[in-house]
1. Hey, can you tell me all the residues within the range 244-268 that are basic (Lys, Arg) and touching a residue at least 60 places away in the same chain (Cβ under 8 Å)?
2. Quick check on the range 150-158. Is at least one of its residues hydroxyl-bearing (Ser, Thr, Tyr), open to solvent by less than 30 Å² (accessible area, probe 1.4 Å) and over 22 Å from GLY186 (Cα atoms)?
3. Just checking: which of the strands (runs of 3 or more DSSP E) contained wholly in the range 258-369 hold 2 or more residues that are more than 14 Å from the chain's Cα centre (by Cα), at pLDDT 95 or above and among the aromatic types (Phe, Trp, Tyr)?
4. Under 26 Å from THR87 (Cβ atoms), touching a residue at least 40 places away in the same chain (Cβ under 8 Å) and open to solvent by less than 20 Å² (accessible area, probe 1.4 Å), is that true of PHE191?
5. Which condition number does PRO193 fail, the rest of (1) within 19 Å of ASN148 (Cα to Cα); (2) assigned to a loop (DSSP other than H, G, I, E, B) being met?
6. Quick check on the range 199-217. Is at least one of its residues closer than 17 Å to SER138 by Cβ, in contact (Cβ under 8 Å) with a residue 12 or more places away in the chain and touching an Asp or Glu at 6+ places or on another chain (Cβ under 7 Å)?
7. Return the residues of the range 291-319 that are open to solvent by less than 30 Å² (accessible area, probe 1.4 Å), of a type outside the set (Ser, Thr, Tyr) and within 20 Å of TRP266 (Cα to Cα); say none if nothing qualifies.
8. Hey, could you check the range 219-240 for residues that are small (Gly, Ala, Ser) and buried (at least 21 other Cβ atoms within 10 Å of the Cβ) and say which is farthest from ASP182 (Cα to Cα)?
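The values are calculated or read from the model by the stated rules, or taken from the named source; none is laboratory data. Predicted, not measured: the structure shown is a model, and the values here were computed from it. Cβ atoms come from the backbone with ideal geometry, glycine included; neighbour counts cover every protein chain shown. With ligands, DNA and RNA removed, areas are computed over all heavy atoms of the protein, side chains included. Shrake-Rupley method; radii C 1.70, N 1.55, O 1.52, S 1.80 Å.
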Amino acid sequence: MRQFVLPLLVTTMLAAAPAFAQTSQAGSRPSVVTAPPNAPGQQPAFENQTRAPQPARPAKVTTQTVADDLPRLWAMEFLPDGRMLVTAKAGDMHIVARDGAAGEAIAGVPKVDADGQGGLLDVALAPDFAQSGTIFFSYAEPRDGGGNGTSVARARLKMEGNSGTLQDVRVIFRQTPAYDGDKHFGSRLAFDPQGRLFVTVGERSDTPIRDQAQDLSSGLGKVFRINPDGSIPEDNPFAGSSQPAIWSYGHRNVQSAVVDADGRLWLVEHGPKGGDELNRPEAGKNYGWPVITYGLTYGGRPVGQGITAKEGMEQPIYYWDPVIAPSGMALYTADAIPEWKGALLIGGLVSQGLVILHLDGDRVAAEERVPLDARIRDVKVGPDGAVYAVTETRGWGSGSTILRIASGS
């Protein structure tokens, strides 16, 4: 895998007139979204729930390719020394050096089911990684007896140069029931300040199996919270049930998640055609899928009864129509790009760039875009305060690059 460092100038912010207006405190600033909605008859439940205005001062940034000629990656995590630990969808882990060179595949990764949307998914360092060397990773696991499902394992990473071995590998969570499908595995991992681990999954896409997102006896379409050893926190909302790890339910396919300094989980989930959602899941609450949703089926029909609200089901904080196809998310707390302080940075597979959401409390105040002309699979903030984005190319010759986005002011 060759080294490749090429600075590329970027970008002008999108600032065309919106397809339909949502302005308030922002005056007449338009939305960055200009395409017509897929479901024009659906209306937001509150102001700035979709197509929020642009910020008053969008950031000026530059991009630089810092690693190229990589396998098709799914996730990345910065190691304490500045190198990057990455997962490849096909089932390998690699360490990418600071010069962009990727080491040999790390030994000891368990077998994954890489068909369709499956594979080796997210990776997260334990909060005490510097002392323990422990990592956590999620993957589509082939199950005994047939089918597959999202599982989470922990292991000790013994590094040897730019490679190494996973030791003491142990599965600490398995999504049940297993299902013989190749879609909607999720998955992201995020630790809260107390060291408990949030695990996001999908509802496996197909009808009628996806209806189990509403079934508390099923692990499909849920967000889970577990302790690092796989045990269940005593204050989980359904701790005494057959699925005691459930934190929230009614989710479709969550591939973006981050925990803020107050321990609150934020996530962005893939919706139907015109229904990607930003949510802040709270314990025991129902986020509606597939009973309520914005957007339509991929065939252009209503989802279920075609309703967007129902008593006992939570509204998304924000939604996108058309979709961005979200994957990967970071909360920007560094100082290097001051315009983004406190913003959520989301990777867009379909929108092919970064989506920046500026928050005002629990609401979106503004939306900004940084076009990168590539599918973005993961987003992280580096130790230098720059933003790093993993690109993805599908099909024949599939692969990835890692981009560095820095202030251009």
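1. Within the range 244-268, ARG252 is the sole residue that qualifies.
2. No, there is no match, as no residue in the range 150-158 is hydroxyl-bearing (Ser, Thr, Tyr), open to solvent by less than 30 Å² (accessible area, probe 1.4 Å) and over 22 Å from GLY186 (Cα atoms).
3. Strands (runs of 3 or more DSSP E) meeting the threshold: 318-320.
4. no
5. (1)
6. No, the range 199-217 contains no residue that is closer than 17 Å to SER138 by Cβ, in contact (Cβ under 8 Å) with a residue 12 or more places away in the chain and touching an Asp or Glu at 6+ places or on another chain (Cβ under 7 Å).
7. ILE292, PRO316, ILE317
8. Looking at the filtered set, the residue picked out is GLY219.
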